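Only the coordinates and a few stated rules stand behind these numbers; no lab work does. Keep in mind the model is a prediction, meaning the values are calculated, not measured. Neighbour counts are summed over all protein chains in view; Cβ atoms, including those assigned to glycine, are modelled from backbone coordinates with ideal geometry.
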Amino acid sequence: MPLSLFDLHADTAWAMYQTKEPLGSNSLAVSLEKAKRYARYIQVLALWTSPDLNNEDGYLKLFEMVKNLKNDPSLTSSKAELCSSCPARTADKASLLFSLEDARILNGHIERVEEIAKLGVRSIIPLWAGETCIGGSPDTNVGLTAFGKLAVKKMLDVGMVLDISHASVPSSNDIFELSAAYSKPVIASHSNAYAVCPVSRNLHDWQIDAIIASDGIIGINLYHAFLEKDKKATLDSILHHIEYFLSRGAENALALGCDMDGADLLEDIPDVSFLNRIAEHLLANGYSQELVDALFFENAYRFAQKHF
Ligand SMILES: [Zn+2]
């Protein structure tokens, strides 16, 4: 059986908007051409805008990015589809879902949560860097602001899943509490294990345990600096993070959140067409095909069926 792929995080929508390149075939890390080896391909595209833009301009750019995608030749020719809920397992085209990365662009306007939901956004990464109207990111020790808590409740009200990638420890604590009050899971779409690579963007043990306990999922990030702190990241580095997550009971929670087109990837995996190298490395190290399939597709798909 050829591999299927469900990737929880790519910044390709912004890269496409910037470069004016199409999704079908391009110079980016993600394209339909590069993903054609996967039997079934579901990609979560993060709507993220550069911090060089102020909050208002960033908000307006979300709509332009979505419009740019809707007009993409691959969508108009039905090679890919934009989905506002979990797509069919058997679809014969690539399926695209939206997340929002960095909710600073709400800029104090709670009603924008509904406008963003109308775009089809199914999950939200509320923080990104520094302190915003929402709260603190990993480079701070600040939790959610009063507005941030209201915004997170609104996101939960409209059925979005909260994502603690890029949240400070206190912000993640607030997000766990608010999501638990709604009996909703918490995910980390593109974060690795702090115990393996101690950088502030990675997950502490209690966060890993809390995600698993909430029935959430964790996407392995392929940014080299989140895989290894002091040496070159290799396929073994990915294996070490996977092993660690599995040792904490993440066999049903582990997925891929590759961070393509948003981060410098490790040399072994320059783009989405090379992800099979992770599968081959896992199999060569004694892991089962079942585990590989769970990591690449099944865990994220099961979660999406329930919550996206
Ligand atoms: Zn990110």
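Worth a mention:
- Positive-end residue of Ser99, Ser77, Leu256, charge dipole of the chain with Cβ unit charges: Ser77
- Relative contact order (%) - criterion: Cα under 8 Å, at least six apart; region: the stretch 205-308: 31
- Summed side-chain charge close to Ala279 - residues other than Ala279 whose Cβ falls under 15 Å, Lys, Arg +1, Asp, Glu -1: -4
- Anisotropy class of the stretch 176-308 from Cα gyration tensor, a/c 1.5 cut: prolate
- Near Ser27: Cβ cut-off under 12 Å, other residues only, Lys/Arg at +1 and Asp/Glu at -1. The net charge is -2.
- Counting only DSSP H runs of at least 4 residues, each contributing -39500 (n - 2.57), and dividing by the residue count of the chain, the helix-based mean residue ellipticity at 222 nm comes to -10000 deg cm²/dmol.
- Percentage relative contact order, the chain, counting C-alpha pairs under 8 Å, at least six apart: 18
- Overall, the chain carries a charge dipole of about 700 debye about its Cα centre when +1 sits on the Cβ of Lys and Arg and -1 on the Cβ of Asp and Glu, all other atoms neutral.
- For the pair the stretch 78-112 / the stretch 10-34, the C-alpha centres are spaced 16 Å from each other.
- Debye log10 I(q)/I(0) at q = 0.07, 0.09, 0.10 Å⁻¹ for the chain, Cα point scatterers: -0.23, -0.39, -0.49
- FRET efficiency, 1/(1 + (r/R0)^6) with R0 30 Å, evaluated for Asp236 and Lys70 via beta carbons: 0.15
- Packing order of peptides 184-196, 23-35, highest average first: 184-196, 23-35 (average count of other Cβ atoms within 10 Å over each peptide's residues).
- Of Leu235, Ala193, Trp48, farthest towards positive along the dipole that unit charges on Lys, Arg, Asp, Glu beta carbons give the chain: Trp48
- Cα gyration tensor, the stretch 80-171 - rounded (a/c under 1.5), prolate or oblate: prolate
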